[in-house]
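The values are calculated or read from the model by the stated rules, or taken from the named source; none is laboratory data. These numbers come from a predicted model, not from an experiment. Glycine also receives a Cβ, built like all others from the backbone with ideal geometry; neighbour counts cover every protein chain displayed.
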Amino acid sequence: MVQFIKKILLFLMLFFATFVLVLLVDYFFVGNQHLGNYQASLLDKIERFRSLEGSRIILIGNSNLPFGMNSEMLEKEMGMPVVNMGLHGGLGSAFNSNMVKLSELREGDIVILSLHTYDDNDEIEDPSLALITIEKHKELWKLVRFKDLYGIAKAYPDYFKDCIMYKFTKYDDNIPEETTSYSRSAFNKYGDIERRFENTFQFYPGSVGIPGVGDVCMERINELNKYVKERGAVLLIAGYPIGYGEYTPPLSEFEAFEKELVEKSECEVISHFTDYLIPYEFFYDTKYHLNAQGADMRTMQLIKDLKKWKEHNM
């Protein structure tokens, strides 16, 4: 029995030593290997977030923001600098929402949260995508919670294997790609996607759904609201692009969703979601992304919502 326990302990020690060695090789030798990737745009977004002076408008959420916002227009109309921190739904709403914590908030900051659903399991949906995003950037690891580590650890071997391949072949994600919208180089200085190509996405039956409102998600958002308020800033929930056409559910269902969201949210919901119904022709690539014209339409509606909110609150 004693010999068996010694073997187990020896195995664990060797396993731990090997794991530490791999991490050291990865950090000091392999390095960041996805710097041209769409996800790496977060580095530029953070730089802008931290460099802007005065009170800011900070957009947080998933890819409906970079693919559906004209931040330059928003900045000019509202007279406040804007940074679009929206990134990718595969990271999960908790990960995306926590991006507001990557810089110190200031009194007068307006944080706008825009999600396509308010019902999730409070997990990183795609841990491998999270690894590609955070890589060895120390400041990004604060986005990972203790509960996320198991999924991150499971995804790490494939991530490490890919990084080794990129290190020696310079094959893919470490090179800025000029022929796709899904590249770091496709973003402008505000954090919006400005490079789009021919649209091939078509709406289909069931493609436009009614968002959910879950207790787990709302508890997290209400905690985020407290964090924002304690720093003299304000958190607002705004609409997201909703495809409008033959496959769109009755508007009354969106109104019921909005009513439930308002009831469960401790921060203000400034949008009527039916105001964000946009014809299918203005969407790009997925049911939550917009082409340039659609992004302008969505931005104009957000400007209206913000101006109306400011009239009543400032």
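Starting from the stretch 285-314, take each residue that is β-branched (Val, Ile, Thr) and list its partners that are outside any helix (DSSP H, G or I), counting only C-beta distances under 7 angstrom and pairs at least six apart or across chains.
286/201; 299/69; 299/70
Listed here are the residues, each with its yes/no results for (1) within 17 Å of residue 87 (Cα to Cα); (2) buried (at least 18 other Cβ atoms within 10 Å of the Cβ); (3) in contact with a His (Cβ under 6 Å, 6 or more places away or on another chain).
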{"residue": "130", "(1), (2), (3)": "yes, yes, no"}
{"residue": "136", "(1), (2), (3)": "no, no, no"}
{"residue": "144", "(1), (2), (3)": "yes, yes, no"}
{"residue": "149", "(1), (2), (3)": "no, no, no"}
{"residue": "153", "(1), (2), (3)": "no, no, no"}
{"residue": "158", "(1), (2), (3)": "no, no, no"}
{"residue": "162", "(1), (2), (3)": "no, yes, no"}
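Could you grab the pairs with beta carbons closer than 6 Å, sequence gap of 6+ or different chains, first residue in the stretch 234-255 and under 21 Å from residue 62 (Cβ atoms), second one of a type in the set (Lys, Arg) and not in a loop (DSSP other than H, G, I, E, B)?
241/298
Checking the conditions here, which among 100, 83 is buried (at least 22 other Cβ atoms within 10 Å of the Cβ), out of contact with any His (no Cβ under 6 Å at 6 or more places or on another chain), assigned to a helix (DSSP H, G or I) and at pLDDT 95 or above? Give the steps one after another, and end with the answer.
Working: 83 fails: assigned to a helix (DSSP H, G or I).
The match here is 100.
Within the stretch 291-314, which residues are under 17 Å from residue 196 (Cβ atoms) and either polar (S, T, N, Q) or touching a helix residue (DSSP H, G or I) at 6+ places or on another chain (Cβ under 6 Å) (or both)? Give the derivation first.
As a first pass, look at the stretch 291-314 and keep what is under 17 Å from residue 196 (Cβ atoms): 291-299.
Once the filter is applied, which keeps residues that are under 17 Å from residue 196 (Cβ atoms) and either polar (S, T, N, Q) or touching a helix residue (DSSP H, G or I) at 6+ places or on another chain (Cβ under 6 Å) (or both), the stretch 291-314 yields 291, 293, 294, 299.
So is residue 55 at pLDDT 95 or above, of a type in the set (Ser, Thr, Tyr) and either assigned to a helix (DSSP H, G or I) or under 15 Å from the mean Cα position of the chain (by Cα) (or both) or not?
No: the conditions fail for residue 55.
Of all residues in the stretch 196-225, which are crowded, with 17+ Cβ neighbours inside 10 Å, among the β-branched types (Val, Ile, Thr) and farther than 21 Å from residue 100 by Cα?
Hits for the stretch 196-225 are 208, 213.
Give me the residue from the stretch 181-212 that is assigned to a loop (DSSP other than H, G, I, E, B), under 14 Å from residue 87 (Cβ atoms) and small (Gly, Ala, Ser) and, out of that set, nearest to the chain's Cα centre (by Cα). It would help to see each step written out before you state the result.
First, the residues of the stretch 181-212 that are assigned to a loop (DSSP other than H, G, I, E, B): 181-182, 188-192, 194-212.
This time we only want the ones that are under 14 Å from residue 87 (Cβ atoms), so: 181-182, 190-192.
Subset that is small (Gly, Ala, Ser): 181, 191.
Values: 181: 16, 191: 11 Å.
Once the filter is applied, the top-ranked residue is 191.
List, please: which pairs have Cβ atoms under 6 Å, are six or more places apart or on different chains, and start with a residue in the stretch 133-162 that is farther than 20 Å from residue 89 by Cα and in contact (Cβ under 8 Å) with a residue 24 or more places away in the chain and end with one that is polar (S, T, N, Q) and surrounded by 11 or more Cβ atoms within 10 Å (Cβ to Cβ)?
Close Cβ pairs (under 6 Å, with a partner that is polar (S, T, N, Q) and surrounded by 11 or more Cβ atoms within 10 Å (Cβ to Cβ)) amount to 136/32.
Residue 260: over 21 Å from the mean Cα position of the chain (by Cα), closer than 26 Å to residue 99 by Cα and among the acidic types (Asp, Glu), yes or no?
Numbers: over 21 Å from the mean Cα position of the chain (by Cα): yes; closer than 26 Å to residue 99 by Cα: yes; among the acidic types (Asp, Glu): yes.
So residue 260 passes the test.
Results for (1) under 19 Å from residue 33 (Cβ atoms); (2) part of a strand (DSSP E or B); (3) among the hydroxyl-bearing types (Ser, Thr, Tyr); (4) modelled with pLDDT of 95 or more, shown as yes or no for each residue.
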| site | (1), (2), (3), (4) |
| --- | --- |
| 108 | no, no, no, yes |
| 112 | no, yes, no, yes |
| 122 | no, no, no, no |
| 125 | no, no, no, no |
| 133 | yes, no, yes, yes |
| 139 | yes, no, no, no |
